[in-house]
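The values are calculated or read from the model by the stated rules, or taken from the named source; none is laboratory data. It should be emphasised that the depicted structure is a prediction, and the values quoted were computed from it without experimental measurement. A quick note on method: Cβ atoms are made from the backbone with ideal geometry, for glycine too, and the neighbour counts reach across all protein chains shown.
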Amino acid sequence: MISISKKFQKTINNKINFEGVGLHSGLKSKLTLHPAPVNYGINFVINKTTIPAHSNYVDSTLRSTNLLKNKNSIMTVEHLLSALYALEVNNLKIEVSECEIPILDGTSKMFFDEITRIGLKNQNEKCKEFIVNKFISFKSSKGIQFYLIPHDGYKFTYHLQYDNIDILNQDASISLTDDNYKNHIAPCKTFCLLSELLHLYENNLIQGGSLKNAMVYIDQEITKEQEQKIQKLFNINIDYTKPILTNIDSVSENEAAKHKLLDLIGDTYLLGFRIRGHLIASKSGHESNVEFIKYLHNNFLNGNLHKEKTGNNMYDINQILDIMPHRYPFLLVDKVIHLEPGKSVSAIKNVTINEPFFVGHFPGKPVVPGVLLLEIMAQAGGFLVLHSIEEPNKKLIYLSSIKSAKFKEVAKPGDQLLVKAKLDKFKLGTCKIISSIYVDNKLITECELLASVVNRYD
């Protein structure tokens, strides 16, 4: 999945200096960015110790992403890394005087703008990218879900959800370009909840926090004593008529989700490469982001998993409708994410509670009927077969036999089914399809299907 890009490696034209306070440490820190040679990568330097921007060096993810090597730590690297990812900076030496990157205004805008002003230069070697050529699903140890989908670009989607805080139920999505990131992601400020402020401070976090570098969402009323402490520590006057405490207007209604997207982009650069694909995360934080990146390292960069040969063919629902005879409510394939005609297909079925069969199939404990799991596999296989023959619009596929069907787990509302089908035999209009369904990389159903290809209009 690592591929040589058509793009050249980049570094900055000249060194850049920043100075400011660390959000959590409260220490004044000087930051100097230096141009770096080809294949140097992104490296932090503190006390003559070089710490690569790599998930192997992540020490802590409590409210920020922190690196550690030889007892030297660098905190809150995500905002700077996010800007570097967006700007496609591959090689950079980052000198830090203290243990934390300056928080500046709580966004990545100042990093992005200054690097843009200084400018970038192409280097004499092509860069590498992590190419997503098959669907990847990952669930963290705390149940946080990530999806990677093949996509010819650099796209991120994030779902933010806080129980009982309606204003923090938000979504954000972006296809990365310089302008998109600059205008919609970079200016989005970090945040926390009012109920968290004192707890965080008393646990030696947010020592450098203020409304100059963070927003505070009012999730509940607090005691007068707590209000007084907050006033003294942060110079914040609490106005319960407003949902957010801030010294500037919010840049958008979904600013919190966009900042989480900013963090996700930064944490993703700990992979060491940009990801060409679409990364989707729901309710993730630094801990789960890093856990996901380590999963990619261990399973796709270190050769531990079989590398599936895949093409780049993807089909959306409209393209599926063009060739499949099924229609609502019996079209059970939402997207085809990989197709090798005559060989294999990978498809997606998103299961929602609005499926018509849930009305009567175990009300109160809805599960997808087993016969429909078979139908989903048959439709994916049918799509593969139709793309393996001439004049597919004039053909139908009739199921003739099901063998070795096994149901290992149930499929429930909210599951995303990954359907894989392989064309094992195809002779004289009869085909054998070996198919399986996965949820969160776990096999739930498998079978062998025999089917016949017939003329649609006979």
| query | Exactly one of (1) buried (at least 17 other Cβ atoms within 10 Å of the Cβ); (2) in contact (Cβ under 8 Å) with a residue 60 or more places away in the chain is unmet by Glu19. Its number? | reply | (1)
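For every residue, the table says whether it meets (1) part of a loop (DSSP other than H, G, I, E, B); (2) in contact (Cβ under 8 Å) with a residue 60 or more places away in the chain.
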| site | (1), (2) |
| --- | --- |
| Leu81 | no, yes |
| Glu95 | no, yes |
| Glu98 | yes, yes |
| Ile103 | yes, yes |
| Thr107 | yes, yes |
| Met110 | no, yes |
| Glu114 | no, yes |
| Arg117 | no, no |
| request: Could you check, for region 175-191, whether at least one of its residues is within 18 Å of Lys260 (Cβ to Cβ), assigned to a strand (DSSP E or B) and without any contact (Cβ under 8 Å) to a residue 60 or more places away in the chain? | output: yes
| query | If you check Thr11, Thr61, which single one turns out to be β-branched (Val, Ile, Thr) and out of contact with any helix residue (DSSP H, G or I) (no Cβ under 7 Å at 6 or more places or on another chain)? | reply | Thr11
| request: Filter region 273-293 down to residues that are modelled with pLDDT of 95 or more and farther than 22 Å from Ile348 by Cα, then give me how many there are. | output: 10
| task | May I ask you to list the residues in region 53-79 that are free of Cβ contacts under 8 Å to residues at least 24 places away in the same chain and either in the same structural domain as Asn204 (by TED's automatic domain parsing) or not in a loop (DSSP other than H, G, I, E, B) (or both)? | result | Tyr57, Asp59, Ser60, Asn66, Leu67, Leu68, Lys69
| note | In region 403-443, anything surrounded by fewer than 13 Cβ atoms within 10 Å (Cβ to Cβ), in contact with a Lys or Arg (Cβ under 6 Å, 6 or more places away or on another chain) and closer than 18 Å to Asn350 by Cα is listed as none
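Only one of these is surrounded by fewer than 19 Cβ atoms within 10 Å (Cβ to Cβ), over 30 Å from Lys15 (Cα atoms), outside the structural domain of Ser344 (by TED's automatic domain parsing) and at pLDDT below 95: Lys139, Lys128. Name it.
Numbers: Lys128 fails: over 30 Å from Lys15 (Cα atoms).
Unique residue meeting the criteria: Lys139.
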| Matching option when the condition is on the phi < 0 side of the Ramachandran plot and either touching a Ser or Thr at 6+ places or on another chain (Cβ under 9 Å) or of a type in the set (D, E, K, R) (or both), among Ile280, Ile230, Ile238, Ile248 | Ile280
| Got a sec? Which helices (runs of 4 or more DSSP H) wholly within region 196-279 have at least 1 residues that are more than 25 Å from Leu62 (Cα to Cα)? | 224-234
